[in-house]
1. Can I get the semi-axes of segment 589-708's equivalent ellipsoid? Compute them from the C-alpha gyration tensor as square roots of 5 times the eigenvalues, in angstrom, largest first.
2. Taking all protein chains as present, what is the carbon and sulfur share of the accessible area of the chain, in % to the nearest whole number, probe 1.4 Å?
3. Please give every one of the aspartates and glutamates within straight-line cross-link reach of K407, meaning a C-alpha to C-alpha distance under 14 Å, and leave out same-chain neighbours fewer than 8 residues apart.
4. Place the peptides 311-324, 209-222, 99-112 in order of packing, highest mean first, counting for every residue the other Cβ atoms within 10 Å and averaging per peptide.
5. State in Å² the accessible area per residue of segment 153-295; use a 1.4 Å probe, count heavy atoms of protein chains only, and round to the nearest integer.
6. Amide H to amide H, which residues 5 or more places from S358 or on other chains are under 5 Å from it, using H placed in the peptide plane?
7. Which value does Rg/Rh take for the chain over its C-alpha atoms, Rh per Kirkwood?
8. Could you report segment 454-497's accessible area per residue, 1.4 Å probe, as an integer in Å²?
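The values are calculated or read from the model by the stated rules, or taken from the named source; none is laboratory data. Fair warning: this is a prediction, and the values are worked out from it, not measured in the lab. For neighbour counting, all protein chains shown are included, and Cβ atoms are generated from backbone atoms with ideal geometry for every residue, glycine included. Quick note on the areas: whole protein, heavy atoms, side chains included, nothing else; ligands and nucleic acids left out. Shrake-Rupley method; radii C 1.70, N 1.55, O 1.52, S 1.80 Å.
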Amino acid sequence: MQGCGESTLHSADEKLPEEVSYNFDIRPILSDKCLACHGPDANKREAGLRLDIAENAFAALEENPGAHALVAGKPELSQVFLRITSVDSTERMPPVDSNLKLTEREIALIEKWIAQGAKYEKHWAFEAPQKPTLPEVDAADWPRNEIDYFILQKQEQQGLTPNDEADKERLLKRLSLDILGLPPTLEMQNDFLADDRPDAYERMVDRLLKLPAYGEKMSLHWLDLARYADSHGYQDDGYRTQWPWRDWVIHAFNENMSYKKFVTWQLAGDLLPDSNKEQLLATGFNRNHKITEEGGIIDEEYRMLYVTDRNDMFGKGLLGVTLECAHCHDHKYDPFSQKEYYQMFAFFNNVKEVGRESVIGGPETYAKKPLMEISDEDAESILSFVNKPDTNRLIVSVMGDLDSTRKTHILKRGVYDAPGDEVQPGTPSAILPFNENYPQNRLGLAKWLFDKKNPLTARVYVNILWQEFFGKGIVKTSGDFGMQGDLPTHPALLDWLAVDFMEHGWDIKRLVKQMVTSATYRQSAIVSKQALAKDPENVYLARGSRYRIHAEYVKDLVLASSGLLNRSIGGPSVQPYQPDGLWEGATSGRGLLSVYKQDHGSKLYRRGMYTLIKRTVPPPTMGIFDASNRDLCEVKRLKTNTPLQALVMMNDPAVLEASRVLSAKLLQEKTSTNDKLIKAFRLIICRTPSEKELKILTNYFEKQQSTLTPEAARKMLTVGEYPMTKNLDQVNQAALMRVISTIYNLEEAITKT
C-alpha cells in the first residue's frame, strides 16, 4: 500500500491498513519516539544503531551478535518489538525517563509492519509523484473539479460534510484578496451581485486574473522566498537598487511565464544561449542576499557566506528541504551527506564576485563583480516593465561566472578556511542523481530541477501556492519535505496537482484558477460546534479557511478602500509614515539609509510591497503584522495575534488618514447618513451591513456628533499629509471619521472569511 502519512491521522479505534510500510507509518514513530533505541541516550545500548537504514536494522547487534533489531516476518525475534513491549522498565524503549510512550496503535502498527516483512521504502518526498486516479465519493454531486474529489474523500472518511458555498459578497472579497491582494471595488461588487449566470463566478475569476494587481499579489511570496530587500544588510546596511528585479517578477507573473522558465531564468539566465538583458536581470534572484560593505573583513569568509546563502535558499525555497543542515556534517535526519552539500555548493561557487564589493559612502574597491546597468533605452524597450525614474543610482546585482572554474572543497566543520576534499558539481542522490548529459553549471542545475523524475520541484511549488490560498500547505512544513517535516494531509491530492502542473506546462495561472474554482475553496467559513470539535484545525477543509491577511495587504486594503491607493506598478521603493528615530537609533551613521527621509505626495500611498525594506530596521508596522525582514529565504510567514496589531489599527497615521479622507468623500455626496455608512462598510468590509450593524454604527455616529467639540474635531482631522477638504462641517467629518476608523478595526476588515 503506497501512501504519504494518511495512517498517522487515523483514530485509535480504526482498522489498521491492510499493508503497513515504513514509508508512511513507521517513520514518525521510529524517528521521533524511538531515537532512544539507537541514540546517545539509549542507556549505552547498541550505540550508533540506525533504524532508518535498512542494512543496519537487519544486521546482528554489536553487543549481542545472536540478536537483531529487526527480523523480517518475525516480531517475536525482533529486538525493536521486544523492547517497545517489554514490561521491564530497564529494558523498555523509549526509556521511562524520556517521557515518551508509544500508543497501543503505534505498537500494533510496528508489529504488523514487521510481520509483513518490514519493508523499507524511500521517504515519500524522494519518490517521483505519480498521478493517481480520482477517488470515489458518496456525494458525487458536490465536486466542481478534481481537487474536490480528494478533499471530499477525506471528509467522508472522517464523518464530516462540506459547508455550503459562501454568500456572494464574502466569496468575492476572499477571491479579490487572494488574487489581487486588494478588496473588490464597489463596481466589482455590484457587477458580481447582479450577475445571475451559472458561470458568473468563473467569469469574475478570469476578470481578476487579467488585472495588473495580480502580478503584484503573486510576487509577494516570491520576494519572501528570494529574500528581496532594499539594503545590503550587516552593520552599515547601505542602500541597494535591486528593485528592477522585483519589477521583473511582477511582470513575469502578469505575463503568466511558466514556472519552469520563471525559475530557469532566475537561476541561469546569464548562461542561456544568446541571453538578453531581461534574462540577465532575472538572475538578480541569486544576488538578493546580504552583502557587506564594511572594512576590516576577511574577503573569502564573506564570499563563502554568499555562496552558502544561495545554496541554502535553493534547498529550502525550490526543493523544500533543509539542505543547510549538511553544511557542517552529514544531515542527521535526511539522506544528504556533507559531500553532497558541497557538490550543490559548487554550482554557485563560480560567480565572479568578492566578499566586499564596495565601502559604504566611498568608491567601489572591486571591479570584478557581476552588475547590470539599466539605461533609458533599455527601460523603453526590452525592459519596458521597469518603472525607471529620471536619474542616471541604476545598477542591479546579477549573476555572472568566472572564465575559469573555481575549485570547490568540502569545508571541515563548515569553516571557510578549512578546506577538505575537492568535489565536483552534483546533486543529492536520494533526490535525483545529476544527469551526466547536463552541463556542470547553474543551467545544468536548472535542467535537473525540472527533470520529470525530480520528485520535489512541482510538489514544493504547488504546496506553496496551496498555502497562499488555503492558509497552510498540504505539507504544513512548506520548507521541509524531509524526515522531520510534517507528512501531507492529502498526499494523493498533492501528487495529482504536482503531476497535473507539469503536464500542463507549469502554467501558474491555470493552477491558481484550479484552486479558486474548486468547491473546496468556495465553502463558507462558518463553523459549527460539532465540526470544530471534530476538526479544530480544519485539516480536512470542511469549511472555508479563515485567517488574517498579510501585512502588506492590510495597508493595501486601507488605502484602496479610502480611495488613496496609488496603483502605479513598480519603481523605486518608498518611505511612508514611520515613527521617528528608529533608523537613527540603529545605524553606523554612514550611507544613504543612516537617516529616515519620509516621502511625500503620491509616494505615501503606494502598495505595501513597495515599502523600502532596510534589513537591520525593517518597516515596524509590517513587522508587527509578521512581515519578513528578508534576511534569509522564507517560504512561510509566522501568524501571530498580539495587542500591538490592534494598536496599529487604532493609531497608525495611515489608517487615521484614510478614515479622514474617506469621511470627506462621503460627506460631499448628496446621500443620507445611512447610505454613507453603508457605503463605507461595503468599501472596507465588502458586504452590506445587517440592520443591527447599521444601527450600532448610526448610534455611534450620532453620539460622536453630539460629544465632539470643534477644537477636538479640528485636532483629529490634522492627521496625515493628504490635503484637507474645505467647506465641510468639521464636527460631522470627525464623527464620521471615527465611525470609519471603527470599521477598519473590526476583525472582519483584515480577515479573509
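1. Taking √(5λ) for each eigenvalue gives 36, 18, 13 Å, largest first.
2. Summing carbon and sulfur atoms, their accessible area is 51 percent of the total for the chain.
3. Reachable aspartates and glutamates: E300, D417, D421, E422.
4. Top of the packing list down: 311-324, 209-222, 99-112.
5. Ligands and nucleic acids excluded, the result is 32 Å² per residue.
6. The answer is T365.
7. The Rg/Rh ratio comes out at 1.00.
8. The answer is 15 Å² per residue.
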